[in-house]
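Enquirer: Please read through the structure below; I'll follow up with questions.
The values are calculated or read from the model by the stated rules, or taken from the named source; none is laboratory data. All values derive from a computational prediction rather than experimental measurement. Here the Cβ positions follow ideal geometry from the backbone for every residue, glycine too, while neighbour counts run over all protein chains shown.
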């Protein structure tokens, strides 16, 4: 699935889609409106980094892969993880900072070969 936002294009890997659903579900257990706000902030962050993929930062302490990380401004516990060299920009994960990001990223495929839909 490709998302378009003011000339920015990105795709979510299936695992990134699952991450967003899990985040929404967890928050929605207590407050669906709050879950909707966090979900919208995630999609806005994806569009923002797609406009200029080098906006994020690398995290050599978490991975040797060429991934970049963008922390959500309004919800700093969450980060979007993406492959800056891809077109469209490939979002590989959306995670809460308290999760074991290093372990999760090791379990994720290095390249998905997603095509724009």
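Enquirer: Just to be sure I understand the filter: pairs with C-beta atoms under 7 Å, separated by 6 or more residues or on different chains, first member in the stretch 57-81 and without any contact (Cβ under 8 Å) to a residue 24 or more places away in the chain and at negative phi, second member surrounded by fewer than 17 Cβ atoms within 10 Å (Cβ to Cβ) and outside any loop (DSSP other than H, G, I, E, B). Which pairs pass?
Expert: That search, which allows pairs on different chains as well, returns 68/57; 69/57; 77/96; 79/71.
Enquirer: Here is a follow-up. I'm told residue 59 meets every condition in (1) closer than 14 Å to residue 10 by Cα; (2) touching a strand residue (DSSP E or B) at 6+ places or on another chain (Cβ under 6 Å); (3) assigned to a loop (DSSP other than H, G, I, E, B) except one. Can you identify the failing condition by its number?
Expert: Failed condition: (1).
Enquirer: If you don't mind, there's one more thing I want to ask. What residue, of 29, 61, 22, is exposed (fewer than 14 other Cβ atoms within 10 Å of the Cβ) and farther than 21 Å from residue 102 by Cα?
Expert: 29
Enquirer: Oh, and also: What residue, of 43, 82, 75, is surrounded by 11 or more Cβ atoms within 10 Å (Cβ to Cβ), assigned to a loop (DSSP other than H, G, I, E, B) and at pLDDT 95 or above?
Expert: The conditions single out 75.
Enquirer: Moving to a separate point now. Return only the number of the condition from (1) more than 15 Å from residue 102 (Cα to Cα); (2) not in a helix (DSSP H, G or I) that residue 66 does not satisfy.
Expert: (1)
Enquirer: Can you tell me how many residues within the stretch 33-47 are under 21 Å from residue 87 (Cα atoms) and touching a helix residue (DSSP H, G or I) at 6+ places or on another chain (Cβ under 7 Å)?
Expert: 1
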